[in-house]
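The values are calculated or read from the model by the stated rules, or taken from the named source; none is laboratory data. Given the structure is predicted, the values throughout are model-derived calculations rather than measurements. Note that each Cβ is placed from the backbone with ideal geometry, even for glycine, and that neighbours are counted across all protein chains shown.
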Amino acid sequence: MTDVGERHEIIVGIDPARDWHLPLAWAVDEARRRGLALRLVVAVPPRHDTQHVDDTSRSITLHQTASEVLRASAAWSRERYPGIDQAVDLVDGFPTPVIGRMSGLA
C-alpha cells in the first residue's frame, strides 16, 4: 500500500564545491531507467553562531553559489535527458541529514 504523501523520485545532492557531473549523470540515468522524477538538492550549512564575527556575507555568498550551481546542474540534466521531470531545492541545513531525510521520503 502506498502512502498518499509518498513521493517516487530520485534525489541527488549537488555539492557546489566539487564536480557534480558524475553523480548527476548517474541520477539522471537512474531516473530515466526507472521512469521517475529527479530532484536536485543543494543544502547550505547554517550560519555560524558567534558573537565576534558577522557571518552574513559568507551566508549570502553560499546561497548565491548554490543557486548558480542548481541552475547549471538542472540545465545540464535537461541536456542529458530532455524529457526528464525534475525539481530543484535549495535548503538550509547540513547536507548529510537534509539529503538523508529527503531520501527517506522519496
Handout entry: Subset tally (residues that are over 14 Å from Gly13 (Cβ atoms), among the charged types (D, E, K, R) and touching an Asp or Glu at 6+ places or on another chain (Cβ under 9 Å)) for segment 39-75
Key = 3
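Do we have Ala74 as within 27 Å of Gly104 (Cβ to Cβ), surrounded by 17 or more Cβ atoms within 10 Å (Cβ to Cβ), touching a residue at least 12 places away in the same chain (Cβ under 8 Å) and not acidic (Asp, Glu) here?
Yes, satisfied.
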Handout entry: Every residue from segment 76-95 that is of a type outside the set (Phe, Trp, Tyr) and within 18 Å of Gly13 (Cβ to Cβ)
Key = Ser77, Arg80, Ile84, Gln86, Ala87, Val88, Asp89, Leu90, Val91, Asp92, Gly93, Pro95
Fill in the blank from the handout: Pairing a residue in segment 1-17 that is under 22 Å from Arg32 (Cα atoms) and outside any strand (DSSP E or B) with any residue that is of a type in the set (Gly, Ala, Ser) and modelled with pLDDT under 90, where Cβ atoms lie under 8 Å and the two sit 6 or more apart in sequence or on different chains, gives Arg7/Ala106; His8/Ala106
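If you scan segment 24-49, which residues turn out to be outside any helix (DSSP H, G or I), surrounded by 13 or more Cβ atoms within 10 Å (Cβ to Cβ) and charged (D, E, K, R)?
Arg39, Arg47, listed by residue number.
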Practice task
Could you tell me which numbered condition Glu68 fails, if it satisfies all but one of (1) farther than 14 Å from Pro16 by Cβ; (2) surrounded by fewer than 13 Cβ atoms within 10 Å (Cβ to Cβ); (3) modelled with pLDDT of 95 or more?
Solution key: (1)
Practice task
Check whether at least one residue in segment 72-92 is among the hydroxyl-bearing types (Ser, Thr, Tyr) and in contact with a His (Cβ under 9 Å, 6 or more places away or on another chain), and report yes or no.
Solution key: yes
Problem - Pairs where the first residue, in segment 82-106, is farther than 12 Å from Ala37 by Cβ and the second is aliphatic (A, V, I, L, M) and at pLDDT below 90, C-beta under 7 Å, 6+ apart - result: Val91/Val98
Completion exercise
Within segment 1-48, restricting to residues that are of a type in the set (D, E, K, R) and closer than 20 Å to Thr96 by Cα, the one that is modelled with the lowest pLDDT is Arg7
